[in-house]
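Report on one structure; see the data block that follows.
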Amino acid sequence: MATIATMMSSKRGILIVVVGPTGSGKTALAVALAQHYGAPIISSDSRQFFRGMAIGTAQPTKEELAAAKHYFIADREVEDDNNCGRYEVEALELLDRLFCEHEYVVAVGGSGLYIQALCEGMDNLPEGDETLRVALKERLEREGIEALVEQLRELDPVYADVVDRQNPARVMRALEVCITTGRPYSEQRSGEHKERPFRIVKIGTDMPRDTLYDRINRRVDMMVAEGLVEEARSLYPKRHLNALQTVGYRELFDHFDGKCTMDEAIELIKRNSRRYAKRQMTWFRRDESIGWFSPNDIDDIIAFIDSNTAN
């Protein structure tokens, strides 16, 4: 029988996964690690795939893009369908090619389901019911996302606590599964890991909550100064698309519709970004394999990576 050490050494390549809440310095850390290990970077952010959303999704800057080769950044249109299953297939195909040329690859993102798809694979959940999906969409338009979240809380309080409320597709998908099967969505997520042909080491960006919230508030102000409002206005005609159902755009779309003032919209972006960060931390803290560090502790992070990938 092969030993664990033999199985690990037979794997080709090392995937360094950088996770954490929004605004916690993941991108800068990923670039620093990519430069240290001579590695390319693949994004695991569910919104940075799309063109025209550079400011609102905090896509890497021109300088960061020049510092390391990036993949899955602004490589498709907002109209394009994208989901965790498609990402899993595309990312694994890309890694198969990248590990032919690189010993290390860095993956970075705050979208928990996309990280799960990359590292562990997705569960084989039942197909959705088209009639039910249409009904849920109509209810979303009439009553808003919070009404659907409350129903999800009744059917599956465990998943309701961690679901991204700024992503109606995920809320509706969980409701579909709960309603069609009569069982909580969280119970049907098997948690069985699919074996990957590469080694994985995970790094989480950590800092005091007050510090993180202050960084988020200041980043929103910076986004506005860099042209977030103008970017959102250019996307407004497409506001019904799933790619745009996210913090930073929904609040400004409401402002354009006359539902709130500009100042109120900006404050809502800050508040909803902080709430999203809290849910992200709830999600990632469940993963005991993540090593948590300040994003500035580069030497300690590199030492952790090296000690966990030594043959």
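The values are calculated or read from the model by the stated rules, or taken from the named source; none is laboratory data. From a predicted model like this one, the values you see are computed outputs, not experimental measurements. Quick reminder, even Gly has a Cβ in these numbers, built from the backbone with ideal geometry, and neighbours come from all protein chains shown. The area values use the complete protein model at the heavy-atom level, side chains included, leaving out ligands, DNA and RNA. Shrake-Rupley method; radii C 1.70, N 1.55, O 1.52, S 1.80 Å.
A few notes on this one:
- Qualifying residue in region 59-66 (condition: touching a residue at least 12 places away in the same chain (Cβ under 8 Å), aliphatic (A, V, I, L, M) and surrounded by fewer than 24 Cβ atoms within 10 Å (Cβ to Cβ)): no
- Criterion (surrounded by fewer than 14 Cβ atoms within 10 Å (Cβ to Cβ), part of a loop (DSSP other than H, G, I, E, B) and without any contact (Cβ under 8 Å) to a residue 24 or more places away in the chain) met by exactly one of E101, E79, E93: E101
Quick grid of which residues meet (1) of a type outside the set (G, A, S); (2) open to solvent by less than 30 Å² (accessible area, probe 1.4 Å); (3) at pLDDT 95 or above:
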residue: M1; (1), (2), (3): yes, no, no
residue: G25; (1), (2), (3): no, yes, yes
residue: A30; (1), (2), (3): no, yes, yes
residue: H36; (1), (2), (3): yes, no, yes
residue: S44; (1), (2), (3): no, yes, yes
residue: R51; (1), (2), (3): yes, no, yes
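- Those residues of region 101-129 which are among the β-branched types (V, I, T) and modelled with pLDDT under 95, in sequence order: I115
- Just one of (1) β-branched (V, I, T); (2) within 23 Å of E146 (Cβ to Cβ); (3) open to solvent by less than 50 Å² (accessible area, probe 1.4 Å) fails for I301. It is (2).
- Put simply, of V158, V163, V134, V149 the only residue that is part of a helix (DSSP H, G or I), open to solvent by less than 50 Å² (accessible area, probe 1.4 Å) and hydrophobic (A, V, I, L, M, F, W, C) is V149.
- Selection from region 252-293 of residues that are hydroxyl-bearing (S, T, Y), farther than 26 Å from F198 by Cα and touching a residue at least 12 places away in the same chain (Cβ under 8 Å): S273, Y276, T282
- The residues on offer are E187, E176, and the sole one that is part of a helix (DSSP H, G or I), among the charged types (D, E, K, R) and open to solvent by less than 40 Å² (accessible area, probe 1.4 Å) is E176.
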